[in-house]
Amino acid sequence: MRRFVVIGIVLWALAQNVVAQQPFTVFDTVQVEEVVSYGKLQKYQSGAKIERINARQFSLGQDGNLEQLLSRSLPIAFKTNAGGLATIRIRGSAPDHTSFNFGGININSLTLGHSNVNNVPIYLFDNIGVQFGSASSVNGSGSIGGAIHLGLQNNWTKGFKAEARVANGSFGEQLYGTKLFYGNGKFEGVTRAYYYSKKNDFKFLNPNYRDFENDIFEIEDTQHNANIENMGLLQELNYKFNMDEFFIFNVWLEKDWHLVQQNMQTNLNNPDLKEQYNDDHVRVWTGYKNRKNPFKFEINGGYVYDNAVSNENTSDTISTQRIIGEAFIEHDFSPNASYKAGAKATRIYPSVYAYSKSLDHEDRVDLYASYYQRFFNRLTTTLNLRYGYVTDFDVPFTPSFGLNYLALSTEKYVLRFTGNVARSYRVPTFNDRFWVPGGNPDLDPEKGMNYELGSKWSYCDGTLSGNVKLNAFLMNVDDWILWKNGGAYWYAANVQKVQSKGLELMTDWDYTVFGLKANSGLNYTYTSAQRKESENNTNALNRQLEYVPLHSGNFFTTVAYNKFDFTVDGSYTDEQFTDEEEKNILDAYFLMNVAVGYNWKIDEQNQIRINGIINNVLDTDYQSSWGYAMPGIAYRLSITYKFK
C-alpha cells in the first residue's frame, strides 16, 4: 500500500503535463538566487576544509543514499553492510563525532549518538556540503570529526514544473520518486517524495561451510532476510516578501524499515532468522530571514520526533522529542568586516524504557559569536566562540580561529594557503548517561583539538581548468567514551585518548580532449588514527583504530558526447582492523563502477534523462564489516521525466 501511494503521486505528476503551456528547458543552466542553502558555510570559517559534491556526481547519486555518494566522491571511510546500516568515520573519528545537519537540526539520534547514513536519501536534497575537521564552534556538540550539511535551494518558481523518477536494479532494487515545484515568484511550494525498496537476495561465497570429508570449505550462498523499505516526504512552503526578506517552512517525514542483515555464519546455519528494525522521524524547520544591510537577522524554530522499534516490540519505547529555537544577528559594519552573534535553545523529552523514571527532560542552550575580517584583499581571518549549557552537565568552551591567504594570483592560476585551529566536544548520548544499568550521568564530555594547514592551487587556461588541494591535519580527542565489560553488566566510561593525523589530496579538472568535454577528479587520504592511552587492558595501543583504513582514495571521470555522457569511477580501501586483536583483519579492496546517461529533449516543455549504471563491475568479493556479505556486480537503470 505504501508503495502505491508514492507511485500515485508520480503518476499524478506525469498527468499534469497536459496543462503545460510555458516553455521550459530543464537541463539548461539557469541563474538561481542565493537565498537558502544549508551548505553555505565558508564566510565565518576561513581555513576550514568544506567541500560540496559536484553536480555530475550528485546527479548520479540521486537513486542511492548518502553513503554511496560520499564514498565515491570524497576521501571518507564508512563501515557498512549490504544496505541496512552504515556509519561514517571522517579522519579516523567515531560515527558519533560527525553531525548531520538539516537546517538547524542535527539529525543524529540522541540515544545512539549517530546517524545511519544508508537512511539519508540523496533524492530529497539539492546539494550536500561536507566539512572536514572540527565544526563544534559552529554546529555545537557532536562535530569533533566533521559535519554534513543537507542543502535545499530556493528557486522561487513561477508556474508549475515537476519531475518523476523510476529506477530498478539488481536484487529487487526499486525507487519511485517525484518532485513538484509550484509558485508565483513570491510564494513557492516544493513537494519531494520517494519510495525505495530492495530484497538484497544476492549470491556470495560463504566461507563458513565445512565439509571435511570432501575438503570443501566454502559454498555459494544467498543472502536471506536483509530486505530494505524506506520512504520519505519533504515539503517546503516558502514566501519571499522582497529580495532580502523571506519565510521558510520545511517538513521532512521519514519512515525507514529493514530486516537486520545476519552475518554469513548465521545466514548459513539459520537462514530463517528475521529481525526487524523500524525508524520513524518527523523533522520540522521554519524561520523568518531578513538580510537587509547593514543588519541581518534570523529567527528560526524546529521540532523533531524520533522513534525506533525493534521486532515490532512497541512496549520497549525508544523515542525522543526536541523543541528548538534559534535567533542571530549579523552586521556588516564595513566592506571588510562583519560579526554574527546568536543563541540556540533546545528542550529534549526522552521516552526510553531503560532510562531512570526521574529523567523528564533536558535543556541545552548555546551562545555563539563569529567575527570576519579581510585585510588588503589577500588575507581573511575568522574567529568563532561558542559556549554551551546542558542540564546538570558541564560543557567546554569551544573557540576556533582560521585564516585564508591569497599568495599568488595571475591570469592563469591562483594559489591560496589556509590554516585553522579549533576546539571541539561531544555531550555523551542519553544511553551513555541514563541507560539502566550501565549509564553514567557523571561522564565527562569528549573533547577534541583540531589543527589544520591547507593549500589550493587553481588553474584556468582555455580548455583546461581545475584545482589541486592538499590538507594536513592533526586531531587529538580526550575522554573518548566506550562501554566496558563490568562482569554483571556493561557500563559507559571515559576510556581512552586518540590521536588522528594525516594528509588529504583532492583534485578536479574540466578539460576538452578530441573535442569531447570531460571532468575528472582524484582523491586520496592518509589517516593514522591510534589509541595513545586507554584504561582498557588492550594490546592495540599505538596501532590503527578499528574500521579506519590507513590509505584510501577514489577517482572519477565523466566524458560528454552529444546527448550522451559516460562515467567511470573507482575507490580503494586499505586493510582494516575490526577489533583490538591482531586477527579478523579485513583485506584491502578496489571497487569500480561505470555509468552511461542520455538526455532526450522531446520539446521545450518535456525532457527525459536515462541513466544506466553497473556497480562493482569487477565483481569484487569484499567485506566492509567483518563477517557480513556484500553484493557483487549489480546494475541499476533509471528514467527521469521533467516538464513544465
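Numbers for the structure displayed
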{"read-out": "Alpha carbon centroid spacing (whole Å) that separates the range 424-441 from the range 606-644", "value": "39 Å"}
{"read-out": "Those trypsin sites (Lys or Arg not before Pro) in the range 248-296 that DSSP places in a loop and that have at most 14 other beta carbons within 10 Å", "value": "K274, K292"}
{"read-out": "Residues of type aspartates and glutamates that K240 reaches as a straight line, Cα spacing below 16 Å, ignoring anything fewer than 8 places off in the same chain", "value": "E33, E34, E188, E298"}
{"read-out": "Per-residue [θ]222 nm for the chain (sum of -39500 (n - 2.57) over DSSP H runs n ≥ 4, rounded to 500)", "value": "-1500 deg cm²/dmol"}
{"read-out": "Extension gain (nm, one decimal) between L522 and L474, 0.36 nm per residue minus Cα-Cα", "value": "15.0 nm"}
{"read-out": "Centroid-to-centroid separation of the range 49-119 and the range 285-358 [C-alpha atoms, Å]", "value": "20 Å"}
{"read-out": "Gained length - F249 relative to Y572, 0.36 nm times residue gap less alpha-carbon distance", "value": "112.2 nm"}
{"read-out": "DSSP-assigned coil residues among chymotrypsin sites (Phe, Trp or Tyr not before Pro) in the range 119-227, each with at most 13 further Cβ atoms within 10 Å", "value": "F212, F217"}
{"read-out": "Residues listed by number, the range 505-537, amide nitrogen under 14 Å from T463 label point at 7 Å toward C-beta", "value": "510-519"}
{"read-out": "Local electrostatic count, S400, Cβ distance below 15 Å [Lys/Arg +1, Asp/Glu -1]", "value": "+4"}
{"read-out": "Whichever lysines have a C-alpha closer than 22 Å to that of K497, once near sequence neighbours (fewer than 8 apart) are set aside", "value": "K79, K447, K484, K532"}
{"read-out": "Mean-position separation - Cα centroids, the range 503-545 and the range 202-259, in angstrom", "value": "25 Å"}
{"read-out": "Per-peptide average of other Cβ atoms within 10 Å, ordering 521-533, 405-417 highest first", "value": "521-533, 405-417"}
{"read-out": "Set of lysines with alpha-carbon distance to K563 below 24 Å, sequence-local pairs under 8 removed", "value": "K161, K179, K517, K601, K642, K644"}
{"read-out": "Among F430, Y622, N311 the positive-end extreme of the charge dipole of the chain (Cβ point charges)", "value": "F430"}
{"read-out": "Dipole-positive endmost among P271, S334, I348 within the range 2-643 (Cβ charges, Cα centre)", "value": "S334"}
{"read-out": "Potential lengthening between D360 and I216 on full extension [0.36 nm per residue; Cα-Cα distance subtracted]", "value": "46.1 nm"}
{"read-out": "Among Q530, F58, I219 - extreme Cα towards positive end, dipole of the chain, charges at beta-carbon", "value": "F58"}
{"read-out": "For the range 2-643, size of Cβ-based charge dipole, Lys and Arg +1, Asp and Glu -1, in debye", "value": "2380 debye"}
{"read-out": "Gyration tensor (alpha-carbon) shape descriptor, the range 2-643, a/c threshold 1.5", "value": "rounded"}
{"read-out": "Chymotrypsin sites (Phe, Trp or Tyr not before Pro) within the range 328-359, DSSP loop, no more than 11 other Cβ atoms inside 10 Å", "value": "Y353"}
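Each value in this text was obtained by applying a stated rule to the coordinates, not by laboratory testing. What you are looking at is a predicted structure, and each value in this text was computed from that prediction instead of being measured. Heads up, the Cβs are rebuilt from the backbone with ideal geometry, glycines too, and the neighbour counts pull from every protein chain shown.
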